[in-house]
Amino acid sequence: MTAPEPKSVRSESGLAEVFGVFLRLGLTSFGGPVAHLGYFRQEFVVRRRWLDERAYADLVALCQFLPGPASSQVGMAVGLSRAGYAGALAAWLAFTLPSAVALVLFAYGLEAVGGAAGSPWVHGLKVAAVAVVAQAVLGMMRTLAPDRERATLAVAAAAIALAVPSAWGQVGAILVGAVAGLTVLRAPTAAAEHVPIPLEIGRAAGALCLLLFVALLAGLPLLAAASPERAIAFVDSFYRAGSLVFGGGHVVLPLLQAEVVPPGWVDEAQFLAGYGAAQAVPGPLFTFAAYLGAIAGGWSAAAICLVSIFVPSFLLVVGALPFWEDIRRRPWAQSALRGINAAVVGLLLAALYDPVWTAGIRNPGDFAVAAAAFLALYAWGAAPWLVVLACAGAVGGLSMMSG
């Protein structure tokens, strides 16, 4: 396990293999981050044997510990182990590109038909978002806030996020969760012994990446405040969202909403329509950033926003890997993470109410469609993309009958 990879792996053929495998996954991986991790295990542990079971489990544990999209971070680490830093970039690009392109094209389609506000089928996407987020809240509550202490913390975090409807409210809720984890939610035991992840990254390179992560997080707001360039404001907002999202996936919704709606880059209807559409495409949900960028400023802004939201993940994965073996054994780290994860559930609960419910449910017909969609997702295990399309058609049909 600790021996270096053969030289043939870290070559152009190895890089091409990484890109090809992840492109196929990016085209076919529906179902969100948990499903993505299942696809990855089948591909990289069972089929290709790039990692063994325990090493893969360790990698998943690390990426769950870090803020950002867990499935994309696992993909970056796998690419890094096969073809170095270029392999990490290739894995990210191939896994991300299909859904990003689809969502940018959807954004241009909305503009072509006159925007999101007046279209019944687009309103159906917002109704679908109610069911998708409700299912996510329920699933995360059972996993991350299963007892009364963590459930209470989740509700408190939701109250903070609703009382302070901005990025600062989100950050404050996460900090409260971390403090509560350290003081109240002590982890029962330290992490078990684990197999080192087969990646060759020195501590100096890791420390440099972590320093760069912190420097950008602290420096970009100052740069954005001093510069009139809109592109810098995009980089600042999306880098911050990518840096502070614990849990990945749907949890990015409230942070992005706080970053893009108040400045007027995207209106509420466009935001929720795009979020609904994001459920119908494969690949990581963080490609929603490309849609938002396209609405705000076209193709160039889409590229800037997409890269900016994923840069923190790259820096954190490369930065944390050399130190992970020590950190994972620390009880304080596990305790803080328990509190943060419970707060994350609260953030998503707040987002379920505002903006998802307030914008999506206008009448009893909308509620009925959302309830049916939730039933299909939760009880029948229907594919999210099918549910999203069905909601768009159902709301559009109801609108035609009432018209």
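Quick note: the coordinates plus some simple rules give every number you see, no bench work behind them. Bear in mind that the values here come from a model prediction, so they are computed numbers and not experimental data. Neighbour counts run over all protein chains shown; Cβ positions are idealised from the backbone, glycine included.
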**Asked** 222 nm [θ] for the chain, helices only, -39500 (n - 2.57) per DSSP H run of 4+, per residue, to 500?
**Response** -24500 deg cm²/dmol
**Request:** With N denoting the number of residues in segment 278-403, provide Rg(C-alpha) divided by 2.2 N^0.38 Å, to two decimal places.
**Result:** 1.43
**Global form of segment 60-171, assessed from the alpha-carbon gyration tensor, a/c cut-off 1.5** = oblate
**Prompt:** Can you put Glu17, Glu53 in order, fewest other beta carbons within 10 Å first?
**Reply:** Glu53, Glu17
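From largest to smallest, what semi-axes in whole angstrom does segment 217-312 give when each is the square root of 5 times an eigenvalue of its alpha carbon gyration tensor?
Semi-axes (√(5λ), whole Å): 20, 15, 12.
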**Item:** Per-residue Cβ neighbour rank within 10 angstrom, fewest leading, Phe238, Phe246
**Value:** Phe246, Phe238
**Message:** Nearest 10 degrees is fine. How inclined is helix 203-226 to the longest principal axis of the chain, computing both from alpha carbons?
**Reply:** 30
**Fill in**
Here the Cα Rg-to-2.2 N^0.38 Å ratio for the chain is 0.96
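State whether segment 202-269 is rounded, prolate or oblate according to the following rule on the C-alpha gyration tensor (a ≥ b ≥ c being the square roots of its eigenvalues): a/c under 1.5 gives rounded; otherwise a/b larger than b/c gives prolate, and the remaining case gives oblate.
Values: a/c = 3.72, a/b = 1.41, b/c = 2.64.
Oblate, because a/c is 1.5 or more while a/b does not exceed b/c.
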